[in-house]
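The values are calculated or read from the model by the stated rules, or taken from the named source; none is laboratory data. Source: prediction; values computed, not measured. FYI the Cβ positions are ideal-geometry reconstructions off the backbone, even for glycines, and counts take in every protein chain you see. Keep in mind that these areas ignore ligands, DNA and RNA; they rest on the heavy atoms of the full protein, side chains included. Shrake-Rupley method; radii C 1.70, N 1.55, O 1.52, S 1.80 Å.
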Amino acid sequence: MKYQNEIQRRRTFAIISHPDAGKTTLTEKFLLFGGAIQVAGAVKSNKIKKHATSDFMEIERQRGISVATSVMSFEYESSLINLLDTPGHKDFAEDTYRTLTAVDSVILVVDSVNGVEEQTRRLMQVCRMRKTPVIVFINKMDRDGKNRFDLLEEIEKELSISLHPMTWPINSGKDFKGVYDLHNKGLRLFTPNTKATDEDTISVSDLSAGILDEKLGQKDADILREDVELVEGVYGSLEKEMYLSGEVAPVFFGSAINNFGVKEMLDTFIRIAPTPRSRETSTRFLNVHEDKFSGFIFKIHANLDPKHRDRIAFLRVCSGKFERNKYFHHVRLDKDVRFSNPYSFLAREKSVVEDAYPGDVVGLFDTGNFKIGDTLTEGEDFFFTGIPSFSPEIFKEVVNKDPMKTKQLEKGLLQLTDEGVAQLFTQFGGNKKIIGCVGELQFEVIQYRLLHEYGASVQFNTLPFYKACWLTSEDSKKMEDFARFKQANIAEDKDGHMVYLAQSEWFLNTERNNNPDITFHFTSEIHK
Ligand code: G4P
């Protein structure tokens with residue numbers, strides 16, 4: 001019974017946003033509510049400040065800090081919340097995509113002034129693909145933002161998701177007076193720079209009541225009455241199932257910096273957010289309540305000290321109980337492994353953990369045994385699906401500047417790409433090594449780390465590709481012909497799967513039209 005209770009009380013999620021929308025601020029408020037930190041300002045932002053973008057050492061240093069905040073676990077009410085951090089910098093978007101494979105839901109922060117931004121769009125694409133339940137927090141209501149109806153329409157349209165307002169704002173900017181809680185029928189008043197308390201909430205069972213005019217002034221009270229009538233007419237009540245299937249996203253309005261609207265969202269979150277979910281594997285559907293342990297690696301973090309090449313692999317527990325010093329089966333390597341010092345992240349302190357339950361994340365010391373997506377079980381052979389690689393956006397050829405260090409270079413490239421720093425492709429029929437990344441910064445990181453950790457000196461030559469597509473076909477002859485004719489654009493990924501490297505959308509569309517028997521996939525998932 002204890003085991004089932006442990007599952008039921010867990011909520012594992014991530015906060016995602018475009019940089020600067022308020023993710024760090026919101027995280028901090030959550031931790032304050034959870035008692036995991038005592039004072040504001042305690043969370044070291046792992047966001048990389050805009051002006052520091054050229055200084056990748058600074059970025060690596062900050063990534064080091066972010067190991068400690070990779071997972072923040074805290075108790076709230078009787079729930080155990082695992083908040084998985086995601087890097088804010090867009091060049092590390094791939095890290096964020098992978099973290100999304102390890103969570104059961106997300107909270108999306110949207111800046112009320114800027115609305116939907118580039119990074120929001122991309123992250124939500126991944127959520128939609130995985131049908132991840134989403135709660136939206138519209139932040140910075142204390143600033144003159146977009147019209148509330150326009151903003152909702154923009155989010156719905158741009159992110160292809162239906163919204164369901166849970167609270168409704170009264171003005172924005174310097175006239176922001178607070179929110180009306182559509183669910184609990186209460187008015188929550190906003191006073192800038194002061195923390196909202198329960199006394200600031202007035203229960204309003206009848207919107208025509210005079211108290212509304214008294215608190216808001218007649219004009220704003222009338223606007224609110226009209227808005228609420230309209231909103232309730234359009235949206236009705238929230239259907240939890242629609243939220244859980246990722247079709248409808250509840251929306252809250254607030255101001256993270258003023259700690260306004262945050263508690264309501266957190267309270268709703270623990271009430272409706274999914275408990276650890278069952279998952280698909282390569283052989284069967286795995287029920288989270290099964291008592292045999294299973295889990296997968298979704299992130300690997302290198303030690304920053306070049307003398308120690310050990311790494312921390314982050315394991316998400318999917319079923320059963322993870323135990324310290326117990327042998328588990330490493331499916332890909334077909335060998336049994338055990339861990340004497342697994343970390344947990346409760347209250348943001350790394351401490352050795354004895355056991356962990358579904359939804360939890362455990363940090364494992366790794367000397368090179370793991371790569372992203374690896375599965376651990378109690379003996380059964382399967383691996384978890386739904387942990388794809390996405391197409392990189394920048395491609396460069398690796399040029400070895402020191403032929404004496406060829407072996408070191410190969411080892412370094414393999415290990416760094418196992419960590420998920422970048423993707424490695426090998427030119428078809430040749431030996432050219434191609435690195436694909438989401439951002440320019442990773443190339444600097446790779447060059448630096450190859451030299452300092454492996455003694456290998458490289459230079460990169462930019463290649464004119466913009467996207468990688470994984471290819472499949474029922475007709476192996478057609479695939480062979482295509483690969484031969486298009487040799488300059490064909491490569492193999494690390495697992496030996498065939499990939500087409502497209503110069504532009506036009507080329508990609510042309511090849512797709514000319515080769516109807518070949519399917520072009522935008523993630524590597526098809527091979528799992
Ligand atoms: P991020 O992690 O999503 O990148 O954003 P972060 O929380 O760091 O917030 C970005 C900026 O927005 C910060 O200001 C933060 O103080 C501010 N902010 C967050 N929530 C609100 C809000 O509700 N209202 C207003 N007006 N501002 C908000 P900064 O000047 O960039 O950083 P800092 O010097 O304050 O740390």
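Here are the numbers:
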| read-out | value |
| --- | --- |
| Residue in region 224-244 that is of a type in the set (G, A, S) and in contact (Cβ under 8 Å) with a residue 40 or more places away in the chain present | no |
| Region 291-304, residues that are of a type outside the set (K, R), open to solvent by 50 Å² or more (accessible area, probe 1.4 Å) and either modelled with pLDDT of 85 or more or farther than 14 Å from F365 by Cα (or both) | D291 |
| Condition check for K157: closer than 24 Å to P19 by Cβ and within 14 Å of the ligand (Cβ to nearest atom) | no |
| Residue in region 405-422 that is least open to solvent (accessible area, probe 1.4 Å), counting only those that are modelled with pLDDT under 90 and polar (S, T, N, Q) | T417 |
| Unique residue being assigned by TED's automatic domain parsing to the domain that holds R512, surrounded by fewer than 17 Cβ atoms within 10 Å (Cβ to Cβ) and hydrophobic (A, V, I, L, M, F, W, C) when the list is A456, A488, A483 | A488 |
| Count of region 250-277 residues which are hydroxyl-bearing (S, T, Y) and free of Cβ contacts under 8 Å to residues at least 40 places away in the same chain | 0 |
| Selected residue (criterion: modelled with the lowest pLDDT) from residues of region 390-404 that are in a loop (DSSP other than H, G, I, E, B) and open to solvent by less than 40 Å² (accessible area, probe 1.4 Å) | S391 |
| Of all residues in region 89-139 being more than 16 Å from the ligand (Cβ to nearest atom) and among the small types (G, A, S), the one that is surrounded by the most Cβ atoms within 10 Å (Cβ to Cβ) | A102 |
| Members of region 473-506 that are touching a residue at least 12 places away in the same chain (Cβ under 8 Å) and part of a helix (DSSP H, G or I) | K478, M479, F482, A483, Q487, N489, E505 |
| Condition met for E444 (under 33 Å from the mean Cα position of the chain (by Cα) and either part of a helix (DSSP H, G or I) or under 22 Å from T523 (Cβ atoms) (or both)) | yes |
| Condition broken by N258, with the remaining ones in (1) assigned to a strand (DSSP E or B); (2) within 15 Å of the ligand (Cβ to nearest atom) satisfied | (1) |
| Condition met for D220 (open to solvent by less than 40 Å² (accessible area, probe 1.4 Å), among the acidic types (D, E) and assigned to a helix (DSSP H, G or I)) | yes |
| Set A256, A249, A313, A273: member being over 19 Å from D104 (Cα atoms), under 19 Å from the mean Cα position of the chain (by Cα) and surrounded by 15 or more Cβ atoms within 10 Å (Cβ to Cβ) | A313 |
| Residue check for S160: out of contact with any Asp or Glu (no Cβ under 8 Å at 6 or more places or on another chain), surrounded by fewer than 16 Cβ atoms within 10 Å (Cβ to Cβ) and of a type in the set (S, T, Y) | yes |
| Residue, most open to solvent (accessible area, probe 1.4 Å), within region 359-388, restricted to residues that are closer than 17 Å to E280 by Cα and hydroxyl-bearing (S, T, Y) | T385 |
| Test: residue in region 237-254 that is part of a loop (DSSP other than H, G, I, E, B), under 30 Å from E378 (Cβ atoms) and among the acidic types (D, E) | no |
| Positions within region 5-24 being within 8 Å of the ligand (Cβ to nearest atom) and part of a strand (DSSP E or B), in sequence order | S17 |
| Test: residue in region 130-143 that is assigned by TED's automatic domain parsing to the domain that holds S255 and assigned to a helix (DSSP H, G or I) | yes |
| Only listed residue being within 30 Å of D144 (Cα to Cα) and either of a type outside the set (V, I, T) or modelled with pLDDT of 75 or more (or both), chosen from G115, G35, G64 | G115 |
| Residues satisfying the stated conditions in region 73-108, i.e. outside any loop (DSSP other than H, G, I, E, B) and among the hydroxyl-bearing types (S, T, Y) | S73, Y76, S79, T96, Y97, T99, S105 |
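A quick yes/no check of all residues on (1) modelled with pLDDT of 95 or more; (2) closer than 22 Å to M141 by Cα; (3) within 31 Å of the chain's Cα centre (by Cα):
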{"position": "A209", "(1), (2), (3)": "no, no, no"}
{"position": "Q218", "(1), (2), (3)": "no, yes, no"}
{"position": "G233", "(1), (2), (3)": "no, no, no"}
{"position": "E239", "(1), (2), (3)": "no, no, yes"}
